[in-house]
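Here is the structure we will look at, set down as structure tokens.
Rule-based calculations on the coordinates, nothing more; no lab input. Small disclaimer: the values here were computed from a predicted structure and weren't measured. As a convention, Cβ positions derive from the backbone with ideal geometry for all residues, glycine included, and neighbour counts pool all protein chains shown.
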Amino acid sequence: MTHRTYFIEAIRLLFVLTVGSETTRIKTRGEAAVFSGETRLNAWDFWMRYPDYLADELIERYDVTGEDDMLAKAEKIFVDNEPDQRRLVMIRYRFGAYEKHDDALAVLVSRGLIGIGGRKDVDRIRETDFLIFKEAFDLCSQIVKDEPVLIWYRDRAELVHLIADHRSGYALKKRQYERIEYATTLLGGEIPSIEADVKMRLEQRLKRPVGGSAA
Amino acid sequence: MSQKSAIKDWISAIAENAKLDVSKVEDILAEYRIEAMPVASTPKHLLLNRLRFTGTKIIAGVESPIDFHWDKLGVGLWAILSGENFRGKSTIIQVIRGCLRGNLSQSVQADVFAWLRTVDLDFQIDEQDFQLRLHLDDSLSGTLTRHYDSGRTRKVHSFEDEEEFEAAMSNFFMKHFDFDKFAVYRTQDEKGATVLHGWPALSAAMFIGTNYGTIIGELSPVSGIPVRLLQMFLGIPWVTTLASASAALKEEQRKQSASDQLNNDAKEFTERRLNELRDSLAEKQSQLAKTNETKQLQASLVACSESLQEAANREIDVRRRIRQATIDHEDAKIAVDEDRKALRSHEEESSAQTVFRALDPKNCPRCESSISRTRKLNEQSSNCCSVCGGRVHSDIDEAEIKRQLSSNLYASKKAQAEASKCLKELNIKLDEIKQTVASASSQQQKVARQMTRPTRRSGLLTEVAELNARIDELTKTIPVASTKSTNVQVLKIIENETRARMKEHQDNLLELISARILDYARRFGMTQLDSAKLLGNLNLPVVKSGSATSYGQLTAGEKLRLKIATLLALVIVGEEQNVGRYPGLLAIDSPAAQEVALKDLEQIISGLSEIAKEIGHLQVIVGSRSSPAICEQISEARSVQAMGTDYLW
């Protein structure tokens, strides 16, 4: 992995952390907001890196709420061929997707954008909070303005936020595990694509013949 | 010429004309029962001796007995005379006629017949005595007996009813006068038949009644019978032979005609059937011409198979190319995806690099301590990282990499478009080939089906062969228009030869008879008659007061005179020539006054009186009204008379 990939990973995490953070009254080190837990970060990142699993969640949301917008967003993922173009493979570890982000987080820490918060026990698991400084929010605004090619990361982080719906990292991990388990991934193996399965579910709801191309 | 040599000459002439062997001619003559009879037998004479009849007559409810008898009759003129008509003259002549004919009930009026109880007639045939005894009770019965001079009697016939009576009298007289039944061909309802005539026709000629239609007998000349009677009574040689030959010829011609008709019908039917068969044959041959030869079918099948195989091979090739093109297209798509991904990643990474390079490190990512001012200044001067000491600015030309990645993407997109186009074309081609295969397969199946239908063609061949055979067979059986049957030809020759011989005799006799007719008619009072000529067909053209006329145009009185004159002439000429076979009796029943005047009768009876004396064997019985002139001619002894209004019986 080169510094170039750390940078793009750092961009992805920057948007996840800023979009997923919450303001807190306790300002330990002058942070503007806090992103709670590494488990939650991994859960968000999984949806950032597997567009087919995200589309699956959008369809699930449509089935529950009947929001046509959810179906349209899911369809656009396939229209843009995202499962091929945007998937970044993750490894299944214990109860979900997991990857250590130390190098990318270091890029953000060294630029004074985030700080690593104190560890605390959440649901009997020791979790790390991420302190998000005002500079991080400013940088996001500047990126949207100066580097349009990276806007996708902000938009996707916002879509993941919509799906995560303030759920805890544990709840998200549990939810994702069900789906990953269904995909029968070996422990430690690459989490596979479920593109074909999700595409079929989408076509059924769009009342289009199965096998037809959405592209 | 002797009889034997005359017959021999006759048969030879027939054989020569017919170009046949004499034996063959004899066979034909035997087949048709044509007997050569060139010479008549000696004439025989009938003479009535005695007539008696008894019974009871009932007039106006009053019964009175009948017992009429007229004895001692002999040759010469005898008369039945009455002062007025309807006094019984006709009955006496009718009883005589009924006895001789054997049909009393038909000869006598029905009421008179019912009155009669017995009838006796004694007569002679050339000195032989015969007695006829009839009993009329409930039915007719009786006997015919011959009486010999010795007093011995022999019963010739006995009869229990009128049918037996008629048959007996007919056989008896035909045999004694040596008459043959004569054949006359009669046409009726477009059919013809030969009818044999005998005693009834012959005996009728002896009685002249009130029917003057024909000169001899009572039947129309059209029947052919009067001419035969003339010939028979004249005893002209060959007459019966000619009659038999003519009848046989006509019968054979009728059969021939019927046969020709059948033949024509058969021919017409056969030709019609032949035409039908020929039509069928033409149709089958036309159908046969349409069916393909097996060899053609086989060649066609081979061609079909070849084109099907060729098309199938092409399909396999195109499918193989489509598989390859699909793989190529997939590869191209993957390449496009990869190139696009690479370009995008590069762009994103470049942007991310730009973002973070613009930000100087503030803290150590490891310990989060602030970066010192010294380190930052050092980095600006040495291009070495203020955190780790590595080189900060990359030498990589970002724009060049981007251009390269864009170029890759362009190339892979082009390759994908080409693969897509190629695939599309191949699929179109595949559709065309599929159609070609289907068409070739269908054609092959069609030809194969035709080949598996050999029975249709062989069936047609069989039908054509059968039709040809039937046409051949029928053509052979078309009846050819039959040549005139040999028998008809021979019978014509027989008729001609016989007629020639008969005519030779007849013409001579007719001339003699004509002379007698003229003589006798004048003596019966037709003094104005200039000439009379009896022809073979019984026509009698006459010249009266210088004008030519014929028998049919004359008055009843004149006809009666000529009728009697002709019969008497026939008798006398036959007698003189020793050929005549007239039985010798003539009975004349005079007509009513309104038809023939009394003066006519007086003249006729006057003539008869003289002529009867001239013909020695002749017996003439005449019924007439009485007159002084008549009574002068006929003595009381030779007549029965009823004077005034008296009845004869």
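Among DSSP beta bridges lying fully in chain B, give the percent that are antiparallel, nearest 5. List each step's numbers first, then the result.
Details: 56 of 74 bridges.
Here the antiparallel bridges make up roughly 75 percent for chain B.
Given Cα pairs under 8 Å that are at least 6 residues apart, what percent is the relative contact order of chain B?
Once divided by the residue count of chain B, the mean separation gives 24 percent.
Fewest first, what order do B:Trp649, A:Trp44 take by the number of other Cβ atoms within 10 Å?
Going from sparsest to densest Cβ surroundings: B:Trp649, A:Trp44.
Taking B:Lys333 as the anchor, which aspartates and glutamates have their alpha carbon closer than 16 Å to its alpha carbon, excluding any fewer than eight residues away along the same chain?
Hits, sequence-local ones excluded: A:Asp80, A:Glu82, A:Asp84, B:Glu418.
In which sequence would A:Met90, B:Met206 go, from the one with the fewest C-beta neighbours within 10 Å to the one with the most?
A:Met90, B:Met206
Where nothing but the Cβ of Lys and Arg (+1) and of Asp and Glu (-1) is charged, how large is the charge dipole of segment B:263-390 around its Cα centre, in debye to the nearest 20?
700
Computed over the Cα atoms of segment B:294-451, what is the ratio Rg over Rh, Rh following Kirkwood? Mind dumping the intermediate values first?
On the way: Rg = 33.1 Å, Rh = 21.9 Å.
Rounded to two decimals, Rg over Rh is 1.51.
Average partner chain C-beta neighbours within 10 Å, per residue of B:328-341?
The mean count of partner-chain Cβ atoms within 10 Å per residue comes to 1.
For the protein assembly as shown, count the residues as N, evaluate 2.2 N^0.38 Å, and divide the Cα radius of gyration by that value, please.
2.70
When we measure straight from the Cα of B:Lys284, which lysines land under 30 angstrom away, once same-chain ones fewer than 8 places off are left out?
The qualifying lysines are B:Lys267, B:Lys295, B:Lys446, B:Lys476.
Charges at C-beta only: +1 for Lys and Arg, -1 for Asp and Glu. How large is the resulting dipole of the protein assembly as shown about its Cα centre, in Debye rounded to 20?
2600
Nearest 10 degrees, 0 to 90: what angle lies between the long axis of helix B:486-523 and the longest principal axis of chain B (Cα atoms)?
30
With the cut-off at 1.5 for a/c, could you classify segment B:512-589 from its C-alpha gyration tensor as rounded, prolate or oblate? Write down the numbers at each step before the final one.
Details: a/c = 1.93, a/b = 1.55, b/c = 1.24.
Taking the square roots of the gyration eigenvalues as a ≥ b ≥ c, segment B:512-589 is prolate.
For B:Leu46, enumerate residues with amide H under 5 Å from its amide H, sequence gap 5+ or separate chain, H modeled in the peptide plane.
When sequence neighbours closer than 5 places are left aside, the close amide H contacts are B:Gly584, B:Leu585.
Can you find, among B:Phe356, B:Gln416, B:Leu586, the residue farthest towards the positive end of the dipole of the protein assembly as shown? Put +1 on the C-beta of Lys and Arg, -1 on that of Asp and Glu.
B:Phe356
Please report, in Å, the Rg and the Dmax of chain B, where both are computed over Cα atoms only.
66.2, 219
Of the trypsin sites (Lys or Arg not before Pro) in segment B:1-97, which ones lie in a loop per DSSP and count no more than 13 other C-beta atoms within 10 Å?
Of the trypsin sites (Lys or Arg not before Pro), the ones in loops of segment B:1-97 whose Cβ has at most 13 other Cβ atoms within 10 Å are B:Lys19, B:Arg33, B:Lys72.
DSSP loop GluC sites (Glu not before Pro) in segment B:111-203 with at most 15 other Cβ atoms within 10 Å of their Cβ, which ones?
Hits after loop and neighbour filter: B:Glu127, B:Glu160, B:Glu190.
Which one, B:Ile564, B:Gly552, B:Ala282, projects farthest toward the positive side of the charge dipole computed for chain B from Cβ point charges (K/R +1, D/E -1)?
Going by the charge dipole, the pick is B:Ala282.
If the cut-off is 17 Å between C-alpha atoms, which lysines fall inside it for A:Lys173, apart from same-chain ones fewer than 8 positions away?
A:Lys100
Using the 10 angstrom Cβ neighbour count as an exposure proxy, how do B:Arg375, B:Arg340 rank, fewest first?
In order of increasing Cβ crowding within 10 Å: B:Arg375, B:Arg340.
Can you pull the mean other chain C-beta count within 10 Å for peptide B:342-354? Write down the numbers at each step before the final one.
Numbers: counts 0, 0, 4, 4, 2, 3, 10, 10, 5, 10, 17, 6, 5.
Averaged over the peptide's residues, the number is 6.
Let me know the mean shielding of A:145-154 by other chains, meaning the per-residue number of their Cβ atoms within 10 Å of its Cβ.
The mean count of partner-chain Cβ atoms within 10 Å per residue comes to 3.
Quick one: net charge of B:Lys44's neighbours, Cβ under 13 Å, K/R +1, D/E -1?
-2
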